[in-house]
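> Questions regarding the structure given below will be posed in turn.
The values are calculated or read from the model by the stated rules, or taken from the named source; none is laboratory data. These numbers come from a predicted model, not from an experiment. As a convention, Cβ positions derive from the backbone with ideal geometry for all residues, glycine included, and neighbour counts pool all protein chains shown.
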Amino acid sequence: MAQDIRSNQEWSAEKSEKLYGFNRWGDRYFSVNKDGFACVEPMLDGRKIKIADVVAEAKSIGLKPPLTIRFQDILRHRVIQLNDAFQSALKEEEYDGEYKGVFPIKVNHLREVVEEIMDAGECYNFGLEAGSKAELLIALALHENNNSMIICNGYKDEEYIRLAFLGKKLGKEIYLVIEQQSELSTILKISKEFDTKPLLGIRIKLTTEGEGKWAESSGIGAKFGLTSTEIIEVTRQLKRSGFKDSLKLIHIHIGSQVPNIQTIKKAVVEASRYYCEIARLGFPMQYLDVGGGLGIDYDGSRTNFESSINYSLLEYARNIVFNIKTVCTSSNIACPTIISESGRAIVALHSVLIVEVVDRIKKPEKPIEKRITKKRHHLLSELDYILQDNKSSDRLEYYHDAQRLHEEAVSLFSMGYLNLNTLAEAESLYWKICKKIYESVPISGYKPEELENLQYVLSENYICNFSVFQSLIDHWACNQLFPVAPIHRLGAAPTVNATLVDITCDSEGKIDAFIDLENEENKTIPLHPLEKENPYYLGIFLVGAYQDIMGDIHNLFGRVGEAHVFLDDNEADGFYIEETVNGSKVSDLLKLIQYRSNDLARLMKKQIDRSTKDKQIKAREGVRLLDFYENQLEKESYLTPKNSSMKRKRIKKD
């Protein structure tokens, strides 16, 4: 955050809302109430839920942070928003065609998510996209509306293709998108086995290059798609084989989270030209699938920065509709039904990861008890002088002097000329000097880079009970920014500059890049001081896309628990938890790496029995130790904080 927390003499919930960006990245779903609690408004209809109330409710039924909260009504609202945006664009442009969306299962495979999307999309004939055999198995089972589509992408073997024909036999409008030229002969062979003609699409390898973190999804070097030469060969093969009527769709994909609307425009224009040219060849073209790419404004800057987007949902729909119509009209080709595969835009906002700060790591500033010695070490005397006598005009000079003395102390200690007690006192004095210099630097105006960087140097590490590798994999893998904010205490001033570290034994298990509109990102985030008797909860927002399925079990930290929340006007606090999912047990994780709990318990019992026989421990103690070991196998993998209760005030409805 660019704001200097030293200026927080008077604070309010409104200032927190602005500081953490709720009113920018929240897309109106998230806000801060006057009492300093983070709230969510799932349907944007005035009904709000305090996120802290959901955490308290979840804990009362056995779930504790780290915890994923899914606001299922947001999924429904996002499906409605997407379809309404396209319907509005079709009407505005007087487009002679339809829109049919499909949800790409890969973005979030979870049953409760896919089912909610399908239910919300029923009236829009909203379908599904699959990119593998496993995903197609899901799609076939959950797809019940034969007026909606199933799009089959990805590499395909014979089993995958047979599954698609199974769906075709059941009356489903299921399209096999040819990603590689070699797939066609296999499709035609299996078509004869089923005595059924397939519905086919071609994925175009666009020359338009993508933009953002996933720019390489398109362009000449893209993994999937056919070149113009390969398209000609495929169309000739279809004509020769008598399958000309099967080809009705073209498909493009310009990457996930495309930040710039100009990139989308260029890709759609190029795709529309391909559509018209293939139609001119005599194929009964009906569909143009613009793929994914519709982004989310993670940082709220509304720019073409890779963690943002410079367009709205309605602008996205208008540009697609307008450009397809313009190209088709100029080519005298009937406008196609438009398909989009918007996954991130539907699911990202619905999910919030709640983590508890369980400890902190701060710079040592406590005074070291001075030992009575004949002569105080000159390093300590010089550091004492800087601490007591530094002048505001000499801040940078004093900082350099303190750095030199600190480095000299470390060097002397390493060579054996300085004892541990003296080193500890030198370090304590050094950090006190740094803090004093930082506090004396003017909040506004020019600051030397070294002094400006003191905010980061002096920051604390807040230890959070979660794994970045399991729950926030895109932050580690590709530096994706996610909004982070406390879910309570937002009426009080945040006075601690912090970075977040997880509980894995990995130095990369941390969050040290935060949203900052002035500098794109900041290394620290302002947070509140920890209180011994009260837990401190942070929300990591917009994590509903990809994070659930792509996380790994580094250090054997598994999936976190989940609470699925719905609005309910009949409840005093406006919601209920419909379903909970427990986090991974240790035994479940061990099974994935070929360890069976029974075998481990048996091996431990042998060692305990041996120790009992050798009279190292008593028999009853041995039984207790074995029970404790076996119980831990059935526990969740994350920490159990000592003070994790959160008092909840239930509000009576009038």
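> For E408, are the conditions met, namely being at negative phi, surrounded by fewer than 16 Cβ atoms within 10 Å (Cβ to Cβ), in contact (Cβ under 8 Å) with a residue 12 or more places away in the chain and acidic (D, E)?
Here the answer is yes, as E408 does meet what is asked.
> Identify, by number, the condition in (1) out of contact with any Lys or Arg (no Cβ under 9 Å at 6 or more places or on another chain); (2) within 20 Å of V79 (Cα to Cα); (3) in a helix (DSSP H, G or I) that N319 doesn't meet.
Only one criterion is unmet by N319, namely (1).
> For the stretch 402-439, name all the residues that are acidic (D, E) and under 11 Å from L379 (Cα atoms). Before the answer, list the steps.
Residues of the stretch 402-439 that are acidic (D, E), as a first pass: 407-408, 425, 427, 439.
Of everything in the stretch 402-439, those that are acidic (D, E) and under 11 Å from L379 (Cα atoms) turn out to be E407, E408, E425, E427.
> Quick check on my filter: what residues within the stretch 121-157 are of a type in the set (D, E, K, R) and out of contact with any helix residue (DSSP H, G or I) (no Cβ under 6 Å at 6 or more places or on another chain)?
Listed by number, the residues that qualify are E122, E129, E144, D157.
> Going through G445, G416 one at a time, which residue ends up being assigned to a loop (DSSP other than H, G, I, E, B) and either modelled with pLDDT of 90 or more or touching a Leu at 6+ places or on another chain (Cβ under 8 Å) (or both)?
None of the others qualify; the one that does is G416.
> Of all residues in the stretch 446-504, which are of a type in the set (S, T, N, Q) and either more than 26 Å from R559 (Cα to Cα) or touching a strand residue (DSSP E or B) at 6+ places or on another chain (Cβ under 7 Å) (or both)?
N453, Q455, S459, N461, N465, S471, T495, N497, T499
> If you go through the stretch 582-603 one residue at a time, how many are buried (at least 18 other Cβ atoms within 10 Å of the Cβ) and closer than 17 Å to T68 by Cα?
Number of matching residues: 2.
> Select from the stretch 270-318 the residues that are farther than 28 Å from L19 by Cα and among the small types (G, A, S) and write down the one among them that is surrounded by the fewest Cβ atoms within 10 Å (Cβ to Cβ).
G282
> State which residue pairs qualify: first residue outside any strand (DSSP E or B) and inside the stretch 531-543, second residue of a type in the set (D, E, K, R) in any location, beta carbons under 6 Å apart, and separation of 6 or more residues or different chains.
Partner pairs satisfying both residue conditions: P535/E356.
> Next up: Among the residues in the stretch 266-286, are any part of a loop (DSSP other than H, G, I, E, B), out of contact with any strand residue (DSSP E or B) (no Cβ under 7 Å at 6 or more places or on another chain) and outside the structural domain of I51 (by TED's automatic domain parsing)?
Within the stretch 266-286, one or more residues are part of a loop (DSSP other than H, G, I, E, B), out of contact with any strand residue (DSSP E or B) (no Cβ under 7 Å at 6 or more places or on another chain) and outside the structural domain of I51 (by TED's automatic domain parsing).
> Answer yes if at least one residue in the stretch 461-471 is part of a helix (DSSP H, G or I), touching a residue at least 60 places away in the same chain (Cβ under 8 Å), farther than 20 Å from P494 by Cβ and hydrophobic (A, V, I, L, M, F, W, C), and no otherwise.
Filtering the stretch 461-471 for residues part of a helix (DSSP H, G or I) gives 468-471.
Restricting the remaining residues to those that are touching a residue at least 60 places away in the same chain (Cβ under 8 Å) gives 469-471.
Narrowing further to those that are farther than 20 Å from P494 by Cβ: 469-471.
From what's left, hydrophobic (A, V, I, L, M, F, W, C): 469.
Yes, the stretch 461-471 has at least one match.
> Being touching a helix residue (DSSP H, G or I) at 6+ places or on another chain (Cβ under 9 Å) and either buried (at least 23 other Cβ atoms within 10 Å of the Cβ) or in a strand (DSSP E or B) (or both) is the filter here, so list the residues in the stretch 502-526 that pass it. Full working, then the answer.
Step one: filter the stretch 502-526 for residues touching a helix residue (DSSP H, G or I) at 6+ places or on another chain (Cβ under 9 Å), giving 502-506, 508-513, 515, 517, 522-526.
Residues satisfying the conditions are D502, K510, I511, I515, N522, I525, P526.
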